[in-house]
Structures are given as structure tokens and as C-alpha cells.
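Structure record follows, encoded as C-alpha cells.
All of the numbers you see were taken from the coordinates with simple rules; none came from a lab. Every value quoted in this text rests on a predicted model; they were computed, and no experiment measured them. So basically every Cβ, Gly included, is an ideal-geometry build from the backbone, and we count neighbours across all protein chains shown.
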Amino acid sequence: AIAGVAYIGYGIYEDRHPEPQTEPDPTKKTLVILGTGWGSVSLLKRLDTENYNVIVISPRNYFLFTPLLPSCTTGTIEHRSIMEPIRTILRSKKASVRFYEAEASSIDPDRKVVRIFDNSEVKGDMTETEVPYDMLVVGVGAENATFGIPGVREHSCFLKEIGDAQRIRKRIMDCVETAAFKDQSPEEINRLMHMVVVGGGPTGVEFAGELQDFFEEDIKKLVPEISDRFRVTLIEALPNVLPSFSKQLIEYTESTFKEEKINIHTKTMVKKVTDKTVEAVATRPDGTKETIVFPYGLLVWATGNAVRPVVQDLMSRVPAQKNSRRGLAVNEYLVVQGARDIWAVGDCAVAGYAPTAQVASQEGNFLARLFNNMARTEALESKIAELSGSLNIQPGNTAEISREIEEYERQLRRIKDVKPFHYSHQGSLAYIGSEKAVADVTWFNGNVAAAGGLTYLFWRSAYISMCFSTRNRLLVINDWLKSKLFGRDLSR
Ligand code: NAD
């Protein structure tokens, strides 16, 4: 084997870090990154890891390409196609990075330590410990909002993690097979074949579209005896779905859903969930209220984000965070307000933008630039200090040393100028089923709204190009081809 290069087969060699995991360098600062989502991984991708002792901590040892998660619920895409192991990502970094698969339970900003515990099935002797940091990046994301509505946590499926998508996929087939059970009553078949989605944001809409496709393209053919009973209902508290998209795209989505026979109940707020029913209050056009009970087989809850306990705990320890509700308030450099040496990125940070993958990845890129610059600045400053000191000792070389100092100072002036974080919105895309998508895209500083079949092709190519690695890209294309040619896999 060639030193520093790994053979990955088919005559391909890949650069890799030569040392497995080196001991931390005491002359460098320890940078701890919490999370392996969009924010943290974008930071890692661009970070010059040789400047710091980098430690990554996350209960998930992979990066998940979340935009295609709804497609995993029906098997259009297999889950491993959109996962990239964090250790593969770290291997390509110049200096070694430590990874601990663990959950952060608390952050002590005074002692500068993170408390972590092993949340996995297999436990060793050590399950809980502390990791000290000089610099900390919190990129732990958010959890699912339930607003304390009774029964939601116990009975519904969320759609955030890969496990959620797998659970939904199993549950759909469980409902179908149970509905097809011998002598099942018509009411029970109706209930089991009723798929309810709560939340008309992009997650709920994309999932409803994928579900309808699954039914039309596969279930209907393979389980024809119950096919006329399948129904998808989307419940949204606001007057329309996809509130963040432009008006014409909202109308297009709603009319496409009508064609696809997805029932939309807007101005309908879910108040209670039981193991078989969803209770909601609908506001009629005349302003009166009506309670509706929806019996369901599958319930998917997609009503947005809530703050994770570890973030809540940190907020309670920092007085400047007292008035922040939706997450860690950060300044224009993504520094957590009122805390020293802590930055936050992604859905756990409140920087004035929507909690999207696009925002998180731009924030991660920004921090990488900032940290790379900080390290270069410190290196130049120490060189200048060293040379200035030697000026007095070596009087003969004064002119040359002064020139060197000037050159370093010039470089320093150039790199110190880090502009505050600015989010540049590239647009929003959503798949709405039956090979149609909607897109609000920024084009030459203007906004372009597009919808339909061509937009669907655009949606596909955009997501393919955004996939984490070539491996992911090939796997996703392969899954699309496979489900087109042979249909989706109905095994549970
Ligand atoms: P969201 O916050 O965008 O939407 C949740 C919806 O649930 C809201 O419209 C809300 O009115 C509704 N709701 C809340 N409580 C309810 C109740 N009790 N009964 C009925 N309806 C209720 O959530 P999301 O779709 O999960 O998206 C989260 C974030 O991720 C957003 O910023 C979104 O833009 C982003 N995202 C984007 C894409 C994309 O662009 N394709 C896909 C997924 C998520």
C-alpha cells in the first residue's frame, strides 16, 4: 500500500489520512462539534482540520440527506442510499478527527465541558463522561413539535430520522395486509386504509404525494381487493398548505392534490390523538367551529420543530438567552449570545432564517471560513510577535526582518476582514406526487415560480447534484430506476 493513500478497488486510489487517530496536539485548541446534520457536516467538509484538535460528537454516525427522506417511506429510495457514514467523511480530512457516537446531555459554559452519554444498544464499561472544549459548535438540530397535544407522541409516526421513515414503510404495509385479512369488516378496512398526515408544510405535502404515488403505482395493482378504500387526508391548521411558497404554487399544489384524490382539510387544528382516531376542530367559512373525528390506520405528524432538551438546558444557563424561545439566539457571526466560545448552526440556532437544510449548510460553510481565518490570523500574529522579538536580538538583519513583518501584517489585514453571515436563498423545491413538483427559485435576483412535470425533472436533477457523494448519487439513481422498472418492494 502507498502511505497516505487507500485502495478502494477498481484501480481507484483515494487520499486518506495516514494515521488512524492521533493523540490531541497540546499546542492546538480543541474544537468540539455537536451533531452530524447539515450544519455540522458542511462545517467539517470545509474546515482545515490541521488547525485544531477536532472532536465530533453525535448519536448518529452518518450524515442523512433529508430532502429525499419522504421517498424512503414508500421504498422509492432505499434508506442507505441517502446515508453517508461520518467516518468516511472524516477519513478524507487532512488531519485526523475524533468521533464519539454519543448524545450530548448538557453543556457547561462556565467549565467549558460537554456531558455526553452512550445511547446505543451495546454498552461498554464507560457510558457517560465529559469532553472539555476550547471552542464549541452546537449543531444538534431540533426535535418534533407536538405542542403537548395528547396522544401524539404515543400514536403517531414522525418524519425526521431514517428510523422514522422505516417505521412508516412498515406501518403502511401492516395496514394494507391487515385490511386484506380474511373477513375484515368494511369499517375496519376503511379505517386501516385511511392514511392521515398532520401538517401542511413541505414535509407533510411531500409525504402525502409519495404515499399517493405508492398506492397508485404499486399497492393498487398488487392488492386490488382493497384498492377502492385507500385514502390520504392532509390536515393543516392554517388556511392553506405550503405557507412559505408563492400563492400560485399553493393553488397548483391544492388542485394537484384534488386530482390525486388527497383530501385537504385546511383551517383544521388537531386537538387530540388516540390509537385509532384523530380529533380536530375545523373552522367553517362562517367562523363557526366543528369537531371532526378521523379514524386512521397510519398517522404521520409533521408540524415542524421544537427545541431539544440539551439546547433548552444551555439556554437556561445563559441569562442572555432568557427571551429566546425557538432556539439559541446567535449574533451575525453565529456566536451564541451571552456565551463565550460557543457557536450554533442549523435548526437549533435562531439567526432570523427558516429552519432549512439550505440555511444550515450555508451556516456550516460560513463557520468553516471563520475558523480557518481565525487559525491563520493566530498563526500570523504569533509569527509577527516572534519576528518582532528577534528584531532586538539580531540587529544585522533588521531590514529583512522588518520586510517580513510588513508582509505578514499585510496578509493579516487581508484575512481579518470576515464579513458577517449572510444567507443567500437559492429557492425552495417540493415534490407533490404524480411526477409533479413546485419550485420557487431565485433567478438573477428575481423570483421564478414553476410547477409541473418539467419542474419534477428539475427537482430530481437538483437533488441528485446535491447528494453528499458520488456513491449516494449512483445509489439514488439506481433506486429510481429500480422502482420504475420493477415497482416498489412491498415486503414489510
Ligand atoms: P412546517 O413548520 O413548515 O409546517 C408545519 C405545519 O403544521 C404548519 O403549516 C402548521 O400550521 C401546521 N400545524 C401545526 N400544528 C398543527 C395542528 N395541531 N393541526 C394541524 N396543523 C398543524 O414543518 P415542516 O414541513 O416539517 O418543515 C420544517 C422546516 O423544514 C421548514 O422550514 C421547511 O421549510 C423545511 N423543509 C423544507 C422542505 C423543502 O423545501 N422541500 C422539505 C421539508 C422541510
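Quick notes on this structure:
- Calculated from backbone phi, Karplus (6.51, -1.76, 1.60) coupling profile of region 294-310 in Hz, x at Gly/Pro: 10, x, 9, x, 10, 10, 10, 9, 9, 9, x, 9, 10, 6, 6, x, 5
- Average Cα contact separation per residue, region 58-204, under 8 Å, 6 or more apart, as relative contact order %: 21 percent
- Counted over the chain, the DSSP beta bridges are approximately 60% antiparallel.
- When Rg and the Kirkwood radius Rh are both evaluated on Cα atoms of the chain, their ratio Rg/Rh stands at 1.03.
- When the C-alpha to C-alpha distance is required to be over 24 Å, the pairs from LYS436/LYS482; LYS160/LYS221; LYS160/LYS271; LYS45/LYS436; LYS29/LYS383; LYS261/LYS484 that qualify are LYS160/LYS221; LYS45/LYS436.
- Between the C-alpha center of region 355-428 and that of region 61-110 there is a gap of 30 Å.
- Between the C-alpha center of region 24-59 and that of region 331-352 there is a gap of 16 Å.
- Cut-off under 5 Å, modelled amide H: who pairs with TYR296 long-range: THR277, VAL278
- Cα centre as origin, Lys/Arg/Asp/Glu Cβ charges: the chain dipole, Debye: 440 debye
- Based on Cα contacts under 8 Å between residues 6+ apart, the chain shows a relative contact order of 18 percent.
- Dividing the mean sequence gap of close Cα pairs (under 8 Å, 6+ apart) by how many residues region 281-385 holds gives a relative contact order of 14 percent.
- Karplus (6.51, -1.76, 1.60) ³J(HN,Hα), θ = phi - 60°, over region 486-492, in Hz, Gly and Pro reported as x: 10, x, 6, 7, 8, 5, 8
- Whether region 432-492 is rounded, prolate or oblate, judged on the alpha carbon gyration tensor where a/c under 1.5 counts as rounded: oblate
- Relative to the longest principal axis of the Cα atoms of the chain, the long axis of helix 453-466 makes an angle of roughly 30 degrees.
- Derived scalar couplings between HN and Hα for region 313-323 equal 4, 5, 4, 6, 8, 10, x, 5, 9, 4, 8 Hz in order, rounded to whole Hz, by the Karplus curve 6.51 cos²θ - 1.76 cosθ + 1.60 (θ = phi - 60°), x for Gly and Pro.
- Helix-only [θ]222 nm of the chain, DSSP H runs n ≥ 4, -39500 (n - 2.57) each, per residue, nearest 500: -11000 deg cm²/dmol
- Each listed q (0.14, 0.26 Å⁻¹) maps to a log10 I(q)/I(0) for region 191-242 from the Debye sum over equal C-alpha point scatterers, namely -0.39, -0.95.
- Dividing the C-alpha radius of gyration of region 289-385 by 2.2 N^0.38 Å, with N its residue count, gives 1.55.
- The label-point distance for MET126 and ASP110, in a model that sets each label 7 Å from Cα toward Cβ, rounds to 2.6 nm.
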